[in-house]
Amino acid sequence: MKNERKHELFEQFPQLKAIANKETVLWENTNWMKKAKTSLFTMEEVAEAEETLQRFSSYLKVAFPELVASNGLIESTILEIPAMKRALENEYGLFIPGQLLLKSDHALPISGSIKARGGIYEVLKHAERLALASGKLKKVDDYARLASAEFQSFFQQYTIAVGSTGNLGLSIGIIGKKLGFNVVVHMSSDAKEWKKALLREKGATVVEYEADYSVAVEQGRQEAELDPMCHFIDDENSKDLFAGYTVAAMRLKGQLDKTNVSVDGTHPLFVYLPCGVGGGPGGVAYGLREIFGEHVHIFFAEPVASPCMTLGLMTGLHDAICVEDIELDNKTEADGLAVGRASKFVGKVMETYISGCYTVTDEELFTSLGLAMDSEELFLEPSAHAGMFGAIRLLQKGEHYIAQHKLAKHMSQATHLVWATGGSMVPDSMRATYLAKSRDFV
Ligand SMILES: *Cc1c(COP(=O)(O)O)cnc(C)c1O
C-alpha cells in the first residue's frame with residue numbers, strides 16, 4: 001500500500017493509530033443494521049447444510065464411535081462459568097453484569113475445535129458430490145455405507161488440499177483420511193509441531209512453509225489447480241465451509257431455549273468470537289443474527305498483532321488491506337488467529353451483521369488461560385481465550401455502543417456467551433508449557 005494512501009486512511013480512521021500501536025481497542029461497526037442483510041448467503045443454504053449433516057449422521061456414528069451418544073451430530077454444550085466470571089472481575093477490577101456462558105467448541109468431537117464444524121462439513125459435502133455423481137450413492141441411502149471398503153477405494157482416487165495455521169488442517173486431515181481421500185495440508189510457520197505430527201500419523205501429507213497463513217493458502221491453491229482430481233478447501237472464499245459454521249446458530253437457539261435463557265428486547269445476548277480469516281466466527285454470526293435479529297450483539301476478537309478483520313471492516317477495504325500495511329508483524333501465540341488478511345467474502349457478508357471487533361494482547365490471553373484453569377479447571381488454547389475479553393472490553397470501551405443501543409438498563413439481564421474455539425486436542429506437555437507461561441502473568 002502506498003504511503004499517501006496510508007496517510008489518508010489514518011486521517012479518515014483515527015482509531016488506526018491505536019491499532020498500529022498495538023493498543024487494545026473496541027471498534028464499533030457503524031454499518032450495523034437492526035435487520036442485517038446480505039445478497040451473498042441465504043438461510044436456505046443453512047437449512048441445506050443441516051440436512052446434509054443429518055444424512056451423514058449414520059456414517060459419522062460408524063466412523064467415530066464417540067458420536068454415538070449424540071446420534072452422529074457434531075455439537076458442543078453450553079455451560080455457565082461463574083467462577084471464571086469472578087476471576088475476571090477480580091483481575092480487571094470490574095463488575096460484569098449478567099451471566100457468563102461458554103460455548104464449548106473446544107470440546108467438539110473429532111477434532112476439538114470450531115473447525116470441526118466448517119472443515120468437516122465441506123469434506124462431507126465434497127464426498128457426497130463425488131459419490132452421487134458416480135451413481136454409487138443416492139441421497140435416500142443409509143450413508144453408513146460410506147464406511148465400506150468399496151467407498152474407501154473410490155475416494156482414494158481423489159485428493160483434498162487445504163492451507164491452514166493448524167486446526168483447519170487437523171479437521172480436514174482427520175475426516176478426509178477417514179473417508180479414504182489423499183489429504184495434503186499446507187501449514188504456515190505458526191502451526192504447532194504437535195498438529196503436524198498428528199496429521200502425519202493419520203496419513204496426511206504435511207507441507208511446511210516458513211511463511212504465514214496467506215502464503216500457505218496461496219501455495220496450496222496453486223498446487224491444487226494443477227491436479228484435476230484435487231479439491232482445494234479455500235478458507236478465504238469457500239461458501240461450503242461458511243455454511244458448515246452457520247448451523248451452530250440453530251443448534252444454539254435450541255440449547256438456550258432448553259436452559260431457559262431468554263434473548264429479547266430486555267435480555268440482550270452478547271456473543272464473543274475469536275476471529276482469524278473470518279469463516280468460523282462469520283458463519284456463526286450470520287446464523288445468530290438471522291435468528292435473534294437485533295437482540296444479539298456480536299463482537300469478533302483478534303490479537304493486537306493480527307487485527308485483519310477489524311482493519312478490513314473498518315476501512316471497508318476487506319482483503320485489500322493487511323496488517324503489514326500498518327507495520328504490524330502478525331506474530332502472536334494465538335496460532336489460530338495469526339492471519340494478516342481477512343476473507344473478503346466473510347467481511348462483505350458481515351458488514352451489517354456484526355456489532356464490532358476488539359483486540360487482545362498475548363499477555364491477556366495467557367492471563368485468562370491461567371484464570372480459567374484455576375477457577376473452572378478449564379483448558380482452552382490461547383486463541384480461544386480471545387473470547388473471554390468480550391465483556392471486559394465492552395465495559396472498558398463500549399460505553400458508546402451500550403448507549404447507542406439503549407442497553408444500559410438491561411445489562412443486569414444480559415447473557416455474555418464466550419465462544420471457546422479450541423483446546424481439547426492439545427497434548428498434556430503443551431498444556432503444561434502454556435500453563436507455565438500463564439504463571440508469568442497471573
Ligand atoms: C480457526 C480458529 C479460529 C477462527 O476461525 P476463522 O475461520 O479462521 O476466523 C478461532 N479459534 C481457533 C482456535 C481456531 O482454530
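Derivation of every value follows stated rules applied to the coordinates shown; laboratory data play no part. Note that the structure is a prediction, hence the values are computed from the model and not measured. Here Cβ is always computed from backbone atoms with ideal geometry, including for glycine, and neighbour counts include all displayed protein chains.
Key figures for this structure:
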read-out	value
Percent RCO, i.e. relative contact order, over the chain, from Cα pairs under 8 Å lying at least 6 residues apart	22
Over 21 Å [Cα-Cα, region 114-237], rounded percent	35
GluC sites (Glu not before Pro) restricted to DSSP loop in region 125-215 with at most 12 other C-beta within 10 Å	210
Acute angle (nearest 10 degrees) that the helix 213-225 long axis makes with the longest principal axis of the chain, alpha-carbon atoms	20
Simple spin-label estimate for residue 136 and residue 35 in nanometres, 7 Å along Cα-Cβ	4.7
Subset of 253/409; 239/348; 192/239; 103/196; 85/192 violating a 19 Å alpha-carbon distance limit	253/409; 192/239; 103/196; 85/192
Straight-distance crosslink candidates among aspartates and glutamates, where the alpha carbon sits under 15 Å from residue 195 and sequence neighbours closer than 8 are dropped	208, 333, 335, 381, 428
Which of 302, 8, 236 has the fewest Cβ neighbours within 10 Å, and the rest in rising order	8, 236, 302
Overall Cα dimensions of the chain - principal axes, largest extent first, Å	60, 53, 47
Hz values of 3J(HN,Hα) by residue in region 372-381 - Karplus curve (6.51, -1.76, 1.60), Gly and Pro given as x	5, 5, 5, 8, 10, 6, 10, 10, 10, 6
Nonlocal amide H pairs with residue 230, under 5 Å, H built at 1.01 Å	159
For region 274-370, convex hull volume per residue from C-alpha positions, Å³	88
